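Just below is one structure, and these are the notes that go with it.
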Amino acid sequence: MSKYKYWKYAERQVAKKLDGRRILEKGIRTHDVETDWLKVEVKTRQALPQWLTNAALKIRTTELDHKLGILVLKGKANRTELVVLHLKDFKDWFGEVKHA
């Protein structure tokens, strides 16, 4: 698969996993994938930083603890706070939620 087309493939795969649809309108898009209750921006990179993947694996949800594992990234300079979690964990926890 061409590296220039991989982002389209990634968007389709995320849409499928979340039971959503890929936004195909041309022009300015606010997000890549949409479900009944989510708007999703998909970013692809050749590899994610090892420190990030290690931290996400460290808090991965297990069958034993029954708690959702999240990683919070906090920027010092701009005070941004982001929540990161594995897509499978997200879908396991929230995949069945339907909003009008």
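The values are calculated or read from the model by the stated rules, or taken from the named source; none is laboratory data. Note that the structure is a prediction, hence the values are computed from the model and not measured. Don't worry about glycine lacking a Cβ; one is built from the backbone with ideal geometry, like all the others, and counts go over all protein chains shown. We work out accessible area using only protein heavy atoms, side chains counted, and drop any ligands, DNA or RNA first. Shrake-Rupley method; radii C 1.70, N 1.55, O 1.52, S 1.80 Å.
With the requirement that a residue be outside any loop (DSSP other than H, G, I, E, B) and closer than 17 Å to Trp93 by Cα, what does region 16-38 give you?
Correct list: Lys16, Lys17.
Looking only at region 7-49, how many residues end up being on the phi > 0 side of the Ramachandran plot and open to solvent by less than 40 Å² (accessible area, probe 1.4 Å)?
Residues in region 7-49 being on the phi > 0 side of the Ramachandran plot and open to solvent by less than 40 Å² (accessible area, probe 1.4 Å): 0 in total.
In region 58-74, what residues are in contact with a strand residue (DSSP E or B) (Cβ under 9 Å, 6 or more places away or on another chain) and open to solvent by less than 100 Å² (accessible area, probe 1.4 Å)?
Ile59, Ile70, Leu71, Val72, Leu73
When both residues are 6+ apart or on different chains and their Cβ atoms are under 8 Å apart, which pairs have a first residue that lies in region 24-48 and is of a type in the set (Phe, Trp, Tyr), and a second that is not in a strand (DSSP E or B)?
That search, which allows pairs on different chains as well, returns Trp37/Val97; Trp37/Lys98; Trp37/His99.
In this structure, does Leu52 turn out to be aliphatic (A, V, I, L, M) and in a strand (DSSP E or B)?
So Leu52 fails the test.
Restricting attention to region 50-57, does a residue exist that is in contact with a His (Cβ under 6 Å, 6 or more places away or on another chain) and open to solvent by 90 Å² or more (accessible area, probe 1.4 Å)?
Checked against the condition, which is being in contact with a His (Cβ under 6 Å, 6 or more places away or on another chain) and open to solvent by 90 Å² or more (accessible area, probe 1.4 Å), region 50-57 yields no hits at all.
Could you grab the pairs with beta carbons closer than 6 Å, sequence gap of 6+ or different chains, first residue in region 60-75 and at pLDDT 80 or above, second one open to solvent by 70 Å² or more (accessible area, probe 1.4 Å) and part of a loop (DSSP other than H, G, I, E, B)?
Gly69/Arg60
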